[in-house]
Amino acid sequence: MARVRVALTLSGIRAVKESPEVVSILDAAAEKVLSRARAGAPVNTGAYRDSLHAYRSRSRRAGVVLHVGSTVDYALQVEAATGNLSRALG
């Protein structure tokens, strides 16, 4: 049986991790986490739940990065008290 030799290059790895297929998998995962975070969010006024959102950024080291978070000033206090986003990650 012939041996298969694989040579990994930095440019090849970068091309795979930033490919549309991988980015769409990451987008789907972020939307799933966002949906669970909204469903589990504590609701007083609804501002925290309504501020939850997912967004994409780029990192030199990691490439495409997906984030799920809140824009309200007290989001860290909500997370510390409830662990909502941590639970949403599964």
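The values are calculated or read from the model by the stated rules, or taken from the named source; none is laboratory data. Note that the structure is a prediction, hence the values are computed from the model and not measured. Cβ atoms come from the backbone with ideal geometry, glycine included; neighbour counts cover every protein chain shown. Heads up: the accessible areas ignore ligands, DNA and RNA and are worked out on the full protein's heavy atoms, side chains in. Shrake-Rupley method; radii C 1.70, N 1.55, O 1.52, S 1.80 Å.
At 0.890 mPa s and 25 °C, plugging the Kirkwood radius over alpha-carbon pairs of the chain into Stokes-Einstein gives what diffusion coefficient in µm²/s?
Numbers: Rh = 15.2 Å.
In µm²/s, the coefficient rounds to 161.
Might you tell me the accessible area per residue for the range 1-67, computed with a 1.4 Å probe and given in Å²? Working shown, then result.
Values: 5270 Å² over 67 residues.
Per-residue value: 79 Å².
With a ≥ b ≥ c taken as the square roots of the eigenvalues of the C-alpha gyration tensor of the range 9-48, please select rounded if a/c is under 1.5 and otherwise prolate if a/b is larger than b/c or oblate if it is not? Spell out each step's value before the answer.
On the way: a/c = 5.57, a/b = 4.02, b/c = 1.39.
Prolate shape, in that a/c is at least 1.5 and a/b is the bigger ratio.
Need one number: nm distance between label points at H67 and A2, each 7 Å from Cα along Cα→Cβ, rounded to one decimal.
A separation of 4.8 nm, rounded to one decimal place.
Under a 5 Å amide H to amide H cut-off, with H placed in plane at 1.01 Å, what residues pair with V64 once short-range neighbours are removed?
The list, which skips near neighbours in sequence, is S59.
Taking R0 as 22 Å, what's the FRET efficiency between S19 and R58 from their Cβ-Cβ distance, rounded to 0.05? Spell out each step's value before the answer.
Details: r = 14 Å, r/R0 = 0.64.
Working from the Cβ atoms, E equals 0.95.
For the chain, with all protein chains present and a 1.4 Å probe, just round the carbon and sulfur fraction of the accessible area to a whole percent. It would help to have the intermediate numbers written out before the result.
Values: 3870 of 6790 Å².
It is 57 percent, rounded to a whole number.
Among A7, Y74, L85, flag the residue with its Cα farthest along the positive direction of the charge dipole of the chain, charges on Cβ as +1 for Lys/Arg and -1 for Asp/Glu.
Result: A7, furthest along the dipole toward the positive end.
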